[in-house]
1. Between the range 161-225 and the range 61-114, what is the separation of their alpha carbon centroids in Å?
2. Could you work out how much longer the chain between Arg75 and Tyr30 gets when fully extended? Use 0.36 nm per residue separation minus the Cα distance between them, nm to one decimal.
3. Can you pick out the pairs among Lys160/Lys207; Lys76/Lys162; Lys38/Lys76; Lys38/Lys96; Lys162/Lys223; Lys43/Lys90 whose Cα atoms lie more than 19 Å from each other?
4. Using 0.36 nm per residue, how much length does the chain from Phe95 to Ser173 gain when fully extended, once their Cα-Cα distance is taken away?
5. Which value, in debye to the nearest 20, gives the size of the charge dipole of the range 160-225 about its Cα centre, when Lys and Arg are +1 and Asp and Glu are -1 at the Cβ?
6. If you wrap a convex hull around the alpha carbons of the range 160-225, what volume per residue comes out, as a whole number of Å³?
7. Which order do the peptides 163-175, 98-110 take when ranked by the mean count of other beta-carbon atoms within 10 Å per residue, highest first?
8. Can you order the peptides 210-219, 66-75 by their average number of other Cβ atoms within 10 Å per residue, highest first?
Amino acid sequence: MIKLPEPFRRHLDNPIYTVADVARIIDEPYHIVYHWAKERQEKPPLVSRCYVFPDAEFYIAFVGLAEAYAVSILRKYGLSTRQIRAVVKKLNSEFKIEHPLASERFRTDGAEVLYNLGIDDPELIAVKNNKRVFRGILEDFLSDVTYADDGYAYSFRLLKYKIATVVIDPGISSGEPIYEASCVRLIDTLERLRAGETLAGVAADFKTPPHEIEEAWKFDRAKAA
């Protein structure tokens, strides 16, 4: 049995995800997420693990999921894994920030580090009133993160959904993505649709707007194609 730390912090200490769970939720290949979570010499993991069992399976808390999602967003925005590691290393060593990619301080200190490392793509960073700020999709991501009192991510919205509001909160439905309007798990609606049920029927049963389920279903079908 896993002994949970005291005081227990759900977003930092609860090992509710496997690597496979994280990969599914953020739409990244399993081996990529495993690589981010694996510790190597001179290369600390980008994704924090709570526990590693003898079978080498990693168990990850919500803060690790938030880190993985941040890495995914940064890579889609054009940063390499090497550049992201450089940012994380500097935030860890010089700014003394644990879990920097899931920290509220990433909004300000992270931008400063990116600039000082020469990662100064004008689409990524702007200088405004002598204060460097994130722009574009990264800013969108950070604006949809809710932080706990300790300054670490407690919930966030999945950016790819433009019609549906899909959020992840470790205190709701075991940290699975849910439709914010109904608190119904995304996976539950998709499994019913995969089984051949109608969109209207699933929406009525789950009391969730059909246009939100339809968008999720389109993404699911595209991924399966």
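Coordinate-derived values only; no laboratory data. The structure displayed is predicted, hence computed values, not measured ones. All Cβ positions, glycine included, derive from the backbone under ideal geometry; neighbour counts span all protein chains shown.
1. That distance is 29 Å.
2. Details: separation 45, 0.36 × 45 = 16.20 nm, distance 1.57 nm.
Answer, rounded to one decimal: 14.6 nm.
3. Working: Lys160/Lys207 22 Å; Lys76/Lys162 17 Å; Lys38/Lys76 21 Å; Lys38/Lys96 21 Å; Lys162/Lys223 17 Å; Lys43/Lys90 13 Å.
Among Lys160/Lys207; Lys76/Lys162; Lys38/Lys76; Lys38/Lys96; Lys162/Lys223; Lys43/Lys90, the Cα-Cα distance tops 19 Å for Lys160/Lys207; Lys38/Lys76; Lys38/Lys96.
4. Working: separation 78, 0.36 × 78 = 28.08 nm, distance 3.43 nm.
Answer, rounded to one decimal: 24.7 nm.
5. Details: 9 positive and 11 negative charges, 50 e Å.
Magnitude of the dipole: close to 240 debye.
6. Working: hull volume 5.4 nm³, N = 66.
Given the Cα convex hull of the range 160-225, per-residue volume reads 82 Å³.
7. Details: 163-175: 17.9, 98-110: 20.5.
Sorting 163-175, 98-110 by mean packing, highest first, produces 98-110, 163-175.
8. Values: 210-219: 17.6, 66-75: 23.7.
Descending packing order for the listed peptides: 66-75, 210-219.
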